[in-house]
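Notes follow once the structure below has been shown.
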Amino acid sequence: EPEVTQTPSHQVTQMGQEVILRCVPISNHLYFYWYRQILGQKVEFLVSFYNNEISEKSEIFDDQFSVERPDGSNFTLKIRSTKLEDSAMYFCASSGGSSYNSPLHFGNGTRLTVT
Amino acid sequence: QQQVKQSPQSLIVQKGGISIINCAYENTAFDYFPWYQQFPGKGPALLIAIRPDVSEKKEGRFTISFNKSAKQFSLHIMDSQPGDSATYFCAALNFGNEKLTFGTGTRLTIIP
């Protein structure tokens with residue numbers, strides 16, 4: 001069964017550094033998402049991406065965050081200047097249609113630790 | 001108003017028993033309610049989902065009950081098995097929106 005793959009599985013970075021989290025969505029999917037989960041807390045929506053542009057973003061997704069689909073297969077989340085509170089598990093997801101009509105398929109996540 | 005409240009936070013059920021997890025929402029615009037299952041080290045995976053035009057949906061041992069007037073919905077796992085031990089999240093979405101709002105999660109443990 002096709003799956004969403006995320007790399008790296010764990011990333012440690014120093015406060016103020018830039019990080020790029022990478023995702024390869026399922027190949028025929030059209031909608032792409034980033035969610036995050038702070039340890040022991042609920043999963044929170046960050047951003048959705050469709051037709052090469054952001055379709056929706058949360059209040060968490062401020063100017064420090066950006067997303068890109070640089071080619072036909074990868075989907076990246078960049079955090080420009082990491083803060084301690086950015087430490088979380090970041091999940092990429094993709095779906096064949098909008099969230100309302102198609103199930104989201106999540107990757108296994110990247111654990112980001114900011115020191 | 002965008003919150004989804006989930007209870008209990010953790011639940012221990014004997015093998016063969018019924019596991020029940022409850023969620024409540026405030027935003028009456030929500031009209032799609034999925035449940036996700038998450039195993040340690042994995043991302044959430046869609047388990048079952050319901051829209052408010054029905055009061056119940058069953059898939060195998062998993063049933064969602066939906067009460068639109070009370071703005072509540074629940075997941076029932078019949079004949080619970082040790083392999084069901086995981087964290088369960090309810091979620092909600094409204095049409096035209098891409099943002100899934102998740103509940104706080106329930107860690108379910110099925111004991112032999």
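The values are calculated or read from the model by the stated rules, or taken from the named source; none is laboratory data. Everything quoted here is computed from the prediction, not taken from an experiment. No Cβ is skipped: glycine too gets one built from the backbone with ideal geometry, and neighbour counts run over all protein chains shown. Note: areas computed on protein heavy atoms with side chains; ligands, DNA, RNA excluded. Shrake-Rupley method; radii C 1.70, N 1.55, O 1.52, S 1.80 Å.
Okay, here's what the table says:
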{"quantity": "Selection from segment B:1-59 of residues that are closer than 24 Å to A:Gly107 by Cβ, touching a Lys or Arg at 6+ places or on another chain (Cβ under 9 Å) and either among the hydrophobic types (A, V, I, L, M, F, W, C) or not in a strand (DSSP E or B) (or both)", "calculated": "B:Val4, B:Phe33, B:Ile48, B:Ala49"}
{"quantity": "Residue within segment B:13-30 that is within 30 Å of A:Cys23 (Cα to Cα), over 14 Å from the mean Cα position of the chain (by Cα), among the hydrophobic types (A, V, I, L, M, F, W, C) and open to solvent by 70 Å² or more (accessible area, probe 1.4 Å) present", "calculated": "no"}
{"quantity": "Number of the condition not met by A:Arg111 [criteria: (1) in a strand (DSSP E or B); (2) open to solvent by 30 Å² or more (accessible area, probe 1.4 Å); (3) within 9 Å of chain B (Cβ to nearest Cβ)]", "calculated": "(3)"}
{"quantity": "Residue in segment B:89-106 that is of a type in the set (Gly, Ala, Ser) and away from chain A (no Cβ under 14 Å) present", "calculated": "no"}
{"quantity": "Residue within segment A:75-85 that is part of a loop (DSSP other than H, G, I, E, B), within 14 Å of chain B (Cβ to nearest Cβ) and open to solvent by 10 Å² or more (accessible area, probe 1.4 Å) present", "calculated": "no"}
{"quantity": "Any chance B:Lys99 is touching an Asp or Glu at 6+ places or on another chain (Cβ under 7 Å), under 30 Å from A:Glu59 (Cβ atoms) and without any contact (Cβ under 8 Å) to a residue 40 or more places away in the chain", "calculated": "yes"}
{"quantity": "Subset tally (residues that are part of a strand (DSSP E or B), among the aliphatic types (A, V, I, L, M), surrounded by fewer than 21 Cβ atoms within 10 Å (Cβ to Cβ) and within 14 Å of chain B (Cβ to nearest Cβ)) for segment A:5-42", "calculated": "1"}
{"quantity": "B:Asp84 vs. criteria over 16 Å from B:Lys5 (Cβ atoms), more than 13 Å from chain A (Cβ to nearest Cβ) and modelled with pLDDT of 95 or more", "calculated": "yes"}
{"quantity": "For A:Ala93: the one exception among (1) under 18 Å from A:Val24 (Cβ atoms); (2) more than 10 Å from the chain's Cα centre (by Cα); (3) within 10 Å of chain B (Cβ to nearest Cβ)", "calculated": "(2)"}
